[in-house]
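Since every read-out is calculated from the coordinates, none of them should be taken as a lab result. Just so we're clear, the structure is a prediction, and the values are computed from it rather than from any experiment. Cβ placement follows ideal geometry from the backbone for every residue including glycine, while neighbour counts extend to all protein chains displayed.
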There are 2 protein chains.
Amino acid sequence: MAKRPTSQNVADMAGVSKWTVIRAFTPGASITEESRAKVMAAAGQLNYRPNLLARSLATNLTHQVAILVDDFENPHKLPVLERLTLELQAEGLVPMLVNINERFGHVHALLNAGQRQVDAVILFGTAFRNETLQDARLEGAAPMFVLARDSQIPGVPAISCDATIAIEELCAHLREQGYRRPGFMAGPQTLSTALGRRRSFKTFWVRHGVEHVPELPAKSYSMTSGAEAVRHYLQETSAGDRIDVLMCENDALALGALDVLRSEFGLRVPQDIAVAGFDNIMFADAPAYDLTTYEQPIEDMVKTTIDMILGRRERQTVQLRGRLVVRGSTKRT
Amino acid sequence: MAKRPTSQNVADMAGVSKWTVIRAFTPGASITEESRAKVMAAAGQLNYRPNLLARSLATNLTHQVAILVDDFENPHKLPVLERLTLELQAEGLVPMLVNINERFGHVHALLNAGQRQVDAVILFGTAFRNETLQDARLEGAAPMFVLARDSQIPGVPAISCDATIAIEELCAHLREQGYRRPGFMAGPQTLSTALGRRRSFKTFWVRHGVEHVPELPAKSYSMTSGAEAVRHYLQETSAGDRIDVLMCENDALALGALDVLRSEFGLRVPQDIAVAGFDNIMFADAPAYDLTTYEQPIEDMVKTTIDMILGRRERQTVQLRGRLVVRGSTKRT
DNA sequence: TCCACGCTTGCTACCGGTAGCAAATATGGT
DNA sequence: ACCATATTTGCTACCGGTAGCAAGCGTGGA
């Protein structure tokens, strides 16, 4: 394969120095129209475009942003990734997608991103331990931003959906519909950065006189875990003691639960039991599910994150307001 | 923020030259255990790691691979992206995710990837015109690979699921179940690279004496388009003339169709009409859908692509065999 | 006519590595 | 002890740009 032409090649052809070539490609640089035309003609012939790698090395700016993701099971990731890539690209930033898993952990990924000199790292909904991000080796690495999750780490801003408001709105709706025996399905609790949804949920019901809120623990944030969790709960609980509304930490769990409630236990939703989720994934809207849920302000979150990355906004944790989406799975009437 | 240390900084601290520092970090380089230890001690102190940008510039290898995606509506993208990122990372390659859309087309993306000196570009299921990829400006750009789609472009290998075998297997199953009035729901046909699924489907039924195979055109590969397409078909067709099995070009279309068949027209699946899809997305397995479908050999496709990128396998178009997944939506018995 | 000034162009030094040659040092055989 | 050979280390040149200074050039005013 032919080697890519460099500014020097273009310069030779146009009969100018390589710096003049560079200037022709630098907006606002000092160059005559005549030289620019000569350069552009030669560049067009040779099919020249500046090497961004070399530019990055010299300017110490790569315009690359790493996005760390660890849960590809959740369909919610897709629309956020779409938005994130779209908006990053609109700002001339290039998204680097990093798959976090057992073999490729946060520290590994962050060190790697650092070596590649990325301008910023977005931890998109990944489950991390606070200590991990405070690893000494990460000193002086690229600035980090936590998206769609909490973060207690000083200096690492989190941009997420305001869980307190969200859960208040959701619960107010559930109470209004007459539900009084709430249960909560929670994802893995091993991480200190667990979402505040569970806490807000309990707080609401305690305030309204419901002391005991059963918890259905799920192994992961997936449909199958949601199915398992509700199956286990129903097998262990007598019909009389059963909850009448199940709030799930996200839609994936909720949809898994819904399937089991209906197809395995023959329960009617929402007559026998209501179900609500969080995220408003595409399938929540399908007639087969018709799930009440809460939509995160994706666009707002993404734009806020990018504004912080570009320094157009103060880098600090913010919680943005989402939107309640009421559907059939919680409408008793 | 403190500037990252360079090999020179480490060298000064360890009392050696910067080249010795580099050698300490180069596997198999000629260096004494003693020097390496000195260097590593200093490097540890300073928290030094080689700058991969500089390395890439010098070696003309970035170990970056661009992945072009244009349809984030399809849930099938997620598991493939997971696998792709996982396997790329396992080979020390970094995935760059590029969102292709109206504002950011193929040529733009390819030129950009070229400027960033990526080692390869993967067109993952994107809808492109042949002429686009033959744009003169793309001369000498990074090698391209088409994943999960056909490609007629010479020099651009496509790695996809063998549609002929897949459709043969699917149709054989449908015929065996007694279905004799097949219909096909096709995605947008504007592109010359349309999938071969439709052709194979017609071929099968013509061979088995079914001359007329109605076609249900969908505007895009999404659930809502699938819903629309089937809605339109049922409104236009009298009950007697109706098909008894609907094959959809992918699962997203199939699930949208299923929802409409059941909830809007009160049809029973598979008794009144059977439905089959393609891709085996997560929700195809849900009790609410229980969709018969065909699973693409994701792992095999991804590994083959990477082998070609790394030059471990000849760069040529291959079609790999997937797996038929029979579920309730086509089981009459 | 001459010089001051502004715009344009070319230059050196640099970003942080790699490649491969040459010098310095270590090892071994006789 | 001494030289041949192998290993280790340092060096120059380079990858393809950027930054900012200095020289070249053209123009206008005195």
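State whether region A:152-267 is rounded, prolate or oblate according to the following rule on the C-alpha gyration tensor (a ≥ b ≥ c being the square roots of its eigenvalues): a/c under 1.5 gives rounded; otherwise a/b larger than b/c gives prolate, and the remaining case gives oblate. Walk me through the intermediate numbers first.
Numbers: a/c = 2.03, a/b = 1.32, b/c = 1.54.
Note, shape of region A:152-267 comes out oblate.
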Problem - Computed FRET value (nearest 0.05) for A:Arg180 with A:Glu264, which takes r as the C-beta separation and R₀ as 22 Å - result: 0.30
Exercise for the section: Pull up the cross-link candidates among the aspartates and glutamates for A:Lys18, meaning alpha carbon to alpha carbon under 19 Å and not fewer than 8 places away within one chain. Expected result: A:Glu33, A:Glu34
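Relative contact order, percent, of chain B when contacts are C-alpha pairs under 8 Å separated by at least 6 residues?
Working: 576 pairs, mean separation 48.5, N = 333.
With pairs under 8 Å counted, the relative contact order is 15 percent.
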Practice task
Can you work out the PRE-style zone for A:Gln316? Point 7 Å along Cα to Cβ, and I want the residues of region A:128-160 with backbone N under 20 Å.
Solution key: A:143-160
Problem - For a label point 7 Å along the Cα-to-beta-carbon line of A:Gln189, residues of region A:241-260 with backbone N under 17 Å - result: A:247-250
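Could you please rank A:Met144, A:Met223, placing first whichever residue has the fewest other Cβ atoms within 10 Å of its Cβ? Kindly include the intermediate steps, with their values, before the conclusion.
On the way: A:Met144 23, A:Met223 27.
The order, fewest Cβ neighbours first, is A:Met144, A:Met223.
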Practice task
Report the FRET efficiency, 1/(1 + (r/R0)^6), for B:Trp19 and B:Gln115, where r is their Cβ-Cβ distance and R0 is 45 Å, rounded to 0.05.
Solution key: 0.90
Fill in the blank from the handout: Going residue by residue through region B:51-62, the Karplus relation 6.51 cos²θ - 1.76 cosθ + 1.60 with θ = phi - 60° gives ³J(HN,Hα) values, rounded to whole Hz and with x marking Gly or Pro, of 7, 6, 5, 4, 4, 4, 4, 6, 8, 6, 9, 9
Handout entry: Other copies of A:Thr6: label-to-label distances in nm, shortest first, labels 7 Å along the beta-carbon direction
Key = 1.8
Exercise for the section: With a point put 7 Å past each Cα toward its Cβ, work out how far A:Ala41 is from B:Arg332 in nm, to one decimal. Expected result: 7.4
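Looking at region B:1-106, which GluC sites (Glu not before Pro) are in a loop (DSSP not H, G, I, E or B) and have at most 12 other Cβ atoms within 10 Å?
Values: sites: B:Glu33, B:Glu34, B:Glu73, B:Glu82, B:Glu87, B:Glu91, B:Glu102; in loops: B:Glu73, B:Glu91, B:Glu102.
Those satisfying the criteria are B:Glu102.
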Exercise for the section: Name the residue farthest towards the positive end of the dipole of region B:142-261 from the options B:His173, B:Ser151, B:Ser220, assuming +1 on Cβ of Lys and Arg, -1 on Cβ of Asp and Glu, about the Cα centre. Expected result: B:Ser151
Practice task
Can you give me the P(r) profile for chain A? Cα pairs, bins 20 angstrom wide beginning at 0, each as a whole percent.
Solution key: 28, 43, 20, 8, 0
Completion exercise
A student asked for the Cα radius of gyration and Dmax of the protein assembly as shown in angstrom ought to give 27.8, 90
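Given axes a ≥ b ≥ c from the Cα gyration tensor, I'd like to know whether region B:178-240 is rounded (a/c under 1.5), prolate (a/b larger than b/c) or oblate. Let's see the in-between values first.
Numbers: a/c = 2.50, a/b = 1.12, b/c = 2.24.
Oblate is the answer for region B:178-240, as a/c is 1.5 or above yet b/c matches or exceeds a/b.
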Problem - Dipole magnitude (debye, nearest 20) for chain B, charges at Cβ of Lys, Arg, Asp, Glu - result: 740
Exercise for the section: Would you mind computing, in nm to one decimal, how far apart the modelled labels at B:Asp135 and B:Gln152 are, each placed 7 Å from Cα along Cα→Cβ? Expected result: 2.1
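Of the peptides A:53-62, A:208-217, how do they stack up when ordered by the mean number of other Cβ atoms within 10 Å, highest first? Please list the in-between numbers first.
Values: A:53-62: 15.5, A:208-217: 13.8.
The packing order, highest mean first, is A:53-62, A:208-217.
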Exercise for the section: Over 32 Å between C-alpha atoms is what I'm after, so list which of A:Lys3/A:Lys303; A:Lys219/B:Lys77; A:Lys77/B:Lys3; A:Lys303/B:Lys219 land there. Expected result: A:Lys3/A:Lys303; A:Lys77/B:Lys3
Problem - Cα lying deepest toward the dipole's positive end in the protein assembly as shown, options A:Leu324, A:Thr304, A:Gln64, charges on Cβ - result: A:Gln64
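Given a cut-off of 11 Å, what percent of all Cα-Cα pairs of region B:7-50 lie beyond it? Present the calculation step by step, with values, prior to reporting the outcome.
Values: 524 of 946 pairs.
For region B:7-50, the share of Cα pairs beyond 11 Å comes to 55 percent.
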